[in-house]
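Structure first, then comments.
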Amino acid sequence: MQKADLLLTNGIFLTMDEEYHVYSPGAMAVREGCITAVGGQAEIEAEFQGEERFDCQGRVVIPGLVNAHTHVPMTLLRGIADDLRLDVWLQGYMFPVEREFATPDFVRLGTRLGCAELIRSGVTCFADMYYFEGDVAAATAEAGMRALCAQTVLKFPSPDAQSFEDSLAAAREFIQQWQDHALILPAVGPHSPYMCTADMLRQSAELAAEFDVPLHIHLSETALEVENSRHEHGMPVIPYVKKQNLFDAKVLAAHCVHIDEGEMRTLLHYNVGVAHNPSSNMKLASGFAPVAKMLETGLAVGIGTDGPASNNDLDMFEETRLAAFIAKGQSGMPTALPARTALTMATRLGAKALYLDDLIGSLEIGKSADVAIVDLDTLHNSPGFSRSADALYARLVYAAHAHDVTDVMVRGRWLMRGRHLMTLDEPELLRQAGEVARRIDSFLIERETSVFSKLVAIGGTTEGESFEVQVKVRIPDREQVIRALEAEPFSVLRTRRYREYDTYFVFADAKQGRLRYREDEFVGEDGEVYNVRYRLTLTGQARDQSYAHSILLSRSRFLAPATHSLRFYREYFQPEREIEIRKDRMRWLVHYHDTEFFINLDQVMQPELPKYFLEIKSRTWSRIDAENKAKLIVEMLKDLRLEKAEAVGAEYVELVEKSA
Ligand SMILES: [Zn+2]
């Protein structure tokens, strides 16, 4: 008789090994956290004597699920901003809130909360990417879970690093500290090619290769990302990162939604693991990853929930079901991605994608005892058929829920028994999370009431103020001004010409000021555009109002380069209405009686002023004949949206003719 620490008996064991062995009734022997035997119950019991016995009561025993991509601490940001585009969501909400709130304590609490949810849904291992990853790792290990933890590397200042150099140094330190841990696999996490420079991708890969740890990254998540990559680098995302030697490292690539077959072969060649995130891709409308094709190519494709702020849960049962359903719906083939394959992705293939397949992903001798036990004897999962093992996979993938998981074990240690969490205090976690939510709520409520603070939130460190005195005069003759500037007492120091395209965002509350998005085209001598500049200005209400003779004191509260698209700002600020103005601007810096100042000569191209307006302005109205007058009046009435404009106009014409 061999000794075991624990004997799991009386279960249906889905091993998820290469041959898909199923033992029913089966048993498993665990010693020092490892599986020492798995097989038919009679056979195991004849050979092993367990210090402890656990009766699985006919339930299904599977390898613990592997969540192949997430940002676990973001449990605390769940539901904070939804139904937005990826850039507005990420850069308008997530990043600003994280800059304000993501501290080591926040990260630990969020991780504990996430671990509780993951354990409840049968997950024993996850791949994470966040800030203060050392705290994610510590909280995870404390909860007894297994994780690949990637320390984020970004080109912007982040909550835990002022610069890229800082974040890379932090990643190095983190890897050194955790590299031999039994539960934690440290990794470096350059967020994505668009949030990193080429050099950062190279150095991240070098660091990962140096310590032989994985590199966790988002690749080809949206069509826009690929389009931008083609535009900026002349090639799609996968060849671009390959060129930066990214694949020198053991890469775990999240998403890969927009890749072609050539790119899939590249990923296969470099043994890249892929994390498919069906909920996140649907919620953020990123598209449908070609999962069936990737599997056919031979790629190790795992399944991930992505962060709980973009899903919004960590439920791997739901995710696995969606992976199967989407592959079917997308291909028009119900045979695509069968239940067994989907469950393989959630277990063995996920483990392979995380470079942990020697240790987890299937119930095999020598692997860690990372196990989930699922009760399929429920209303929504009854009755059960035993004609073919496929029925079992189908029950697990198409009908089972996360809350059907009753017991979870990692390295032979119970993390949940009889639905009771052994390592985490759920009510206390919920209380603390509620407190954090209240603080974030008041921060956002405060921010959302002011266009200015919303702008600061996405503008980073470029906040500034400028004050200026403007004198505005209507000029009847441009040439006259240009000639005057060429003579004494003016001396011209600099001349420029622009075409300006302005979009003003007007808000319901006029006190918020107006936000102007300006595109300046610098026009050269021969009319060619040699530079384009995008700027954002928040103009407060004119201070002390306008003076007589068009003099006004204006206050520019904020001036910054516009780093996002007009569409981004539109969706982020949600103005009540917009005004578009296009101007041709000549600008001189002049010296005049010991003072330097700018003179702008603007010609408004858009909006075109209505003809009647010009006629009235230029006082030629009295010289217009009756018929044309009538036409102009009709135009004016239409502009004023007066109904029956035509009829009123015709009546006027008739009257004029009669009186003539
Ligand atoms: Zn992600």
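Any residue at all in region 412-420 that's out of contact with any Asp or Glu (no Cβ under 7 Å at 6 or more places or on another chain) and open to solvent by less than 20 Å² (accessible area, probe 1.4 Å)? Yes, the conditions are met somewhere in region 412-420.
For the condition at pLDDT below 95 and within 16 Å of the ligand (Cβ to nearest atom), ASP128 does not qualify. Here LYS155 passes the criteria (1) crowded, with 19+ Cβ neighbours inside 10 Å; (2) touching a Phe, Trp or Tyr at 6+ places or on another chain (Cβ under 7 Å) except the one numbered (1).
Whether a residue is under 26 Å from ASP370 (Cβ atoms), open to solvent by 20 Å² or more (accessible area, probe 1.4 Å) and without any contact (Cβ under 8 Å) to a residue 60 or more places away in the chain was assessed, and GLY298 passes this test. Residues that are under 24 Å from LEU84 (Cβ atoms) and touching an Asp or Glu at 6+ places or on another chain (Cβ under 7 Å) number at least 1 in the following helices (runs of 4 or more DSSP H) confined to region 253-372: 278-283.
In region 249-260, the residues that are under 19 Å from LEU349 (Cα atoms) and basic (Lys, Arg) form no Cβ pair under 7 Å with any partner that is within 15 Å of the ligand (Cβ to nearest atom) and open to solvent by 10 Å² or more (accessible area, probe 1.4 Å), whether six or more places apart or across chains.
Taking (1) among the small types (Gly, Ala, Ser); (2) open to solvent by 10 Å² or more (accessible area, probe 1.4 Å); (3) out of contact with any helix residue (DSSP H, G or I) (no Cβ under 7 Å at 6 or more places or on another chain); (4) under 30 Å from MET74 (Cβ atoms) in turn, ALA351 satisfies each apart from (2). Close Cβ contacts (under 9 Å, 6 or more residues apart or on different chains) running from residues in region 169-184 that are in contact (Cβ under 8 Å) with a residue 60 or more places away in the chain to residues that are β-branched (Val, Ile, Thr) comprise LEU183/THR140; LEU183/VAL410. Of the residues that make up region 55-64, is at least one within 16 Å of the ligand (Cβ to nearest atom) and hydrophobic (A, V, I, L, M, F, W, C)? No: region 55-64 contains no residue that is within 16 Å of the ligand (Cβ to nearest atom) and hydrophobic (A, V, I, L, M, F, W, C).
Yes or no, residue by residue, for (1) at pLDDT 80 or above; (2) open to solvent by less than 70 Å² (accessible area, probe 1.4 Å); (3) aromatic (Phe, Trp, Tyr):
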| position | (1), (2), (3) |
| --- | --- |
| LEU589 | yes, yes, no |
| TYR592 | yes, no, yes |
| SER618 | no, yes, no |
| MET636 | no, yes, no |
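For VAL123, indicate whether it is in contact (Cβ under 8 Å) with a residue 40 or more places away in the chain and among the aliphatic types (A, V, I, L, M). In short, yes. Whenever a residue of region 17-30 is within 13 Å of PRO63 (Cβ to Cβ) and open to solvent by 50 Å² or more (accessible area, probe 1.4 Å), its partners that are at pLDDT 95 or above and in a loop (DSSP other than H, G, I, E, B), lying with C-beta atoms within less than 6 angstrom and at least six residues away or across chains, give the pairs HIS21/THR15. Cβ-Cβ distances below 7 Å connect the following pairs, each with a first residue in region 218-229 that is small (Gly, Ala, Ser), a second residue that is away from the ligand (no atom under 16 Å from the Cβ), and a separation of six or more residues or different chains: SER220/VAL226; SER220/ILE238; SER220/ILE259; SER229/MET235; SER229/PRO236; SER229/TYR240. Within region 240-287, can you find the residues that are open to solvent by less than 70 Å² (accessible area, probe 1.4 Å), of a type in the set (Gly, Ala, Ser) and away from the ligand (no atom under 12 Å from the Cβ)? Within region 240-287, ALA249, GLY262, GLY273, GLY287 qualify.
The single condition from (1) farther than 30 Å from PHE156 by Cβ; (2) surrounded by 17 or more Cβ atoms within 10 Å (Cβ to Cβ) that GLY40 fails is (2).
Of all the residues in region 305-317, those that are farther than 12 Å from SER280 by Cβ and either away from the ligand (no atom under 16 Å from the Cβ) or open to solvent by 10 Å² or more (accessible area, probe 1.4 Å) (or both) number 2. Pairs meeting the criteria (first residue in region 55-82 and open to solvent by 10 Å² or more (accessible area, probe 1.4 Å), second residue away from the ligand (no atom under 16 Å from the Cβ) and among the acidic types (Asp, Glu), beta carbons under 6 Å, at least 6 apart or on different chains) are ARG59/ASP375.
Having 1 or more residues that are hydroxyl-bearing (Ser, Thr, Tyr) is the bar; report the helices (runs of 4 or more DSSP H) wholly within region 414-516 that clear it. Can you show your working first?
Details: elements: 426-448, 451-459, 478-485.
Correct list: 426-448, 451-459.
Restricting ASP160, ASP128 to residues that are open to solvent by less than 20 Å² (accessible area, probe 1.4 Å) and among the acidic types (Asp, Glu) narrows the list to ASP128. What do you reckon, is MET235 of a type in the set (A, V, I, L, M), on the phi < 0 side of the Ramachandran plot, open to solvent by less than 60 Å² (accessible area, probe 1.4 Å) and without any contact (Cβ under 8 Å) to a residue 12 or more places away in the chain? For MET235, the condition - of a type in the set (A, V, I, L, M), on the phi < 0 side of the Ramachandran plot, open to solvent by less than 60 Å² (accessible area, probe 1.4 Å) and without any contact (Cβ under 8 Å) to a residue 12 or more places away in the chain - is met.
The values are calculated or read from the model by the stated rules, or taken from the named source; none is laboratory data. The shown structure was predicted, so the numbers you read here are calculated from the model rather than taken from an experiment. Counting neighbours? That spans all protein chains shown, and the Cβs are built from the backbone with ideal geometry, glycine included. The protein model used for the area step is the full one, side chains on, heavy atoms only, and it has no ligands, DNA or RNA in it. Shrake-Rupley method; radii C 1.70, N 1.55, O 1.52, S 1.80 Å.
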